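Okay, structure first, notes after.
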Amino acid sequence: MATKPFHYFLKPNLDTQAWPCDSNGTTTIDAESFVYYDTTAGFVLPLNNDVNGANFVGQTNDQNPTTVYGSGWQQGGGSIPPNFPDNHLIVNRYGQALAKATASENYSPGTTVGIGADAQTISTAASNKFAFVSGDQTPVTNATGGQLIKIDFRAIYPNVSVR
């Protein structure tokens, strides 16, 4: 019997948009990753550092439900193929989700966060904040790395701010 995939979108599909992705097949974006728009390349990429957080466009939907289930983090398991039809990727521009915590950080409702060590991790130390810790998240002191934190995120590209 197949294991039901975990689903870390808490309130998905709020203002979804199709964004262009790598048409050369060199970039794979994991399901439910935070992504940014690379203005030089002209497509979205996994959010990999704080500088790129300035162009945060949202969190990816899982567009490959037929893939065999992989890790519990990815809904549907596996990755979104870079050659998704029409070379576009469906992105939630805002919503509520669970993100992985950065070790030793404190998270209370209303704390602003940005990208952490990877495209599914948040940090309070980021300069380009794109989310708030949700009001119904129990405060977390001295988080363990990977601990799930409920956040309310909003795209900041183009010209939107959570501050």
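Taking segment 43-55 as the range and being open to solvent by 30 Å² or more (accessible area, probe 1.4 Å) and either assigned to a loop (DSSP other than H, G, I, E, B) or within 16 Å of I122 (Cα to Cα) (or both) as the test, the residues that pass are P46, N48, N49, D50, V51, N52, A54, N55.
Assess whether Y94 counts as being over 22 Å from T27 (Cα atoms), modelled with pLDDT under 90 and among the aromatic types (F, W, Y). It would help to see each step written out before you state the result.
Working: over 22 Å from T27 (Cα atoms): yes; modelled with pLDDT under 90: yes; among the aromatic types (F, W, Y): yes.
Spelling it out, Y94 is indeed over 22 Å from T27 (Cα atoms), modelled with pLDDT under 90 and among the aromatic types (F, W, Y).
Give the residues of segment 121-139 that are surrounded by 13 or more Cβ atoms within 10 Å (Cβ to Cβ) and of a type outside the set (K, R), sorted by residue number. First the steps, then the outcome.
Filtering segment 121-139 for residues surrounded by 13 or more Cβ atoms within 10 Å (Cβ to Cβ) gives 121-124, 126, 128-134, 137.
Across segment 121-139, the qualifying residues are T121, I122, S123, T124, A126, N128, F130, A131, F132, V133, S134, Q137.
If you go through segment 1-37, how many residues are in a strand (DSSP E or B) and at pLDDT 75 or above? Looking only at that region, the number is 12.
Condition test on D118, is it within 16 Å of the chain's Cα centre (by Cα), surrounded by fewer than 23 Cβ atoms within 10 Å (Cβ to Cβ) and farther than 12 Å from Q59 by Cβ?
yes
The values are calculated or read from the model by the stated rules, or taken from the named source; none is laboratory data. In this text the structure is predicted, and so the values were computed from the model without any measurement. Cβ atoms come from the backbone with ideal geometry, glycine included; neighbour counts cover every protein chain shown. Surface accessibility is based on the protein's heavy atoms, side chains included, excluding ligands, DNA and RNA. Shrake-Rupley method; radii C 1.70, N 1.55, O 1.52, S 1.80 Å.
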